[in-house]
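A short reminder: the numbers here are calculations on the coordinates, not readings from a lab. All figures in this text were calculated on a predicted structure; none of them were measured in a lab. FYI the Cβ positions are ideal-geometry reconstructions off the backbone, even for glycines, and counts take in every protein chain you see.
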Amino acid sequence: MRFGRWFEEFEVGDVYRHWPGKTVTESDDHLFCLLTMNHHPLHLDSHYAERTTQFKRNVVVGNYVYSLLLGMSVPDVSGRAIANLEVESLRHVAPVFHGDTIYGESTVLDKVPSRSRDDRGVVTVETRGNNQDGTLVCVYRRKVLVATRAYGEAHGGEQPGRPEPART
């Protein structure tokens with residue numbers, strides 16, 4: 001299974017539909033909140049959410065939704081990245097709730113070879129996340145520094161750093 005693309009393989013306008021989706025559980029949301037020290041009751045306290053919010057239930061913390069979409073995009077977009085350079089924009093368009101399933105897709109917006117090194121370039125993508133009903137829930141744009149095939153060959157090929165199995 002391929003993991004990422006070389007810089008030469010990106011084409012402006014290409015759309016990558018990331019697979020599989022992820023159903024968000026209450027445990028996922030609560031663990032992420034606790035790990036990141038986000039203790040807002042909108043995410044953690046169902047009694048609070050039911051009685052004081054417009055949705056009458058917990059809302060999944062937005063940074064978890066963004067993180068899911070980012071992770072989903074790695075095999076298609078940044079699996080051969082040298083570095084993530086920036087997130088240009090991030091919008092949470094609609095709420096996500098426990099039990100929702102998130103699906104992502106990324107569109108290549110731009111591709112620029114590096115001016116200082118010929119073994120890499122910058123790829124700009126927009127990633128959109130939808131729930132199981134097709135509702136857009138999150139959209140962001142990011143720039144990724146991606147290796148060329150020549151860089152890959154000079155640094156270990158398709159699976160850099162993987163040791164050869166011991167033969168007995």
Problem - Under Karplus coefficients 6.51, -1.76 and 1.60, residue-wise ³J(HN,Hα) of region 126-143 in Hz, glycine/proline x - result: 10, 10, 10, x, 10, 8, 4, 8, x, 6, 5, 10, 7, 9, 8, 10, 9, 10
Exercise for the section: Give the range of the longest stretch in the chain that excludes all chymotrypsin sites (Phe, Trp or Tyr not before Pro) found in loop regions by DSSP and having at most 13 other beta-carbon atoms within 10 Å. Expected result: 56-168
Practice task
Rank His98, His39, His18 by mean-square fluctuation in a GNM of the chain with C-alpha springs under 10 angstrom and give only the top-ranked residue.
Solution key: His39
Problem - Cα long-axis angle, helix 62-73 against the chain (0 to 90 degrees, to the nearest 10) - result: 30 degrees
Problem - Gyration tensor over alpha-carbon atoms, region 7-155, equivalent ellipsoid semi-axes in Å - result: 35, 15, 12
Practice task
Using the Karplus curve 6.51 cos²θ - 1.76 cosθ + 1.60 with θ = phi - 60°, work out ³J(HN,Hα) for each residue of region 88-103 in order, rounded to whole Hz, and write x for Gly and Pro.
Solution key: 6, 7, 8, 10, 9, 8, 8, x, 10, 10, 4, x, 6, 10, 9, 10
Practice task
Starting from region 1-94, pick out the GluC sites (Glu not before Pro) whose DSSP state is loop and whose Cβ has at most 13 other Cβ atoms within 10 Å.
Solution key: Glu11
Completion exercise
Largest fluctuation, Asn58, Asn130, Asn38 only, Gaussian network model of the chain with Cα springs under 10 angstrom, belongs to Asn38
Exercise for the section: Name the aspartates and glutamates eligible as straight-distance cross-link partners of Lys56: C-alpha to C-alpha under 18 Å, and not fewer than 8 places from it in the same chain. Expected result: Glu26, Asp29, Asp45, Asp100
Handout entry: Whole-Hz ³J(HN,Hα) from phi, Karplus 6.51 cos²θ - 1.76 cosθ + 1.60, for region 109-120, glycine and proline x
Key = 9, 7, 8, 10, x, 5, 7, 9, 9, 8, 10, 6
Completion exercise
Residues whose built amide H sits under 5 Å from the amide H of Val60, excluding neighbours closer than 5 in sequence, are Val96, Phe97, His98
Fill in the blank from the handout: Under the 7 Å Cα-to-Cβ spin-label approximation, Arg57 and Ala94 lie apart by a distance in nanometres of 1.4 nm
Practice task
Please give the FRET efficiency for Gln159 paired with Asp133, using the beta carbon to beta carbon distance and R0 = 30 Å, rounded to the nearest 0.05.
Solution key: 0.20
Problem - Rounded to 10°, Cα long-axis angle of helix 26-35 versus longest principal axis of the chain - result: 70 degrees
Practice task
Give the long-range amide H neighbours of Lys111: residues separated by 5 or more places, or on another chain, with amide H under 5 Å away, using H modelled in the peptide plane at 1.01 Å from N.
Solution key: Thr124
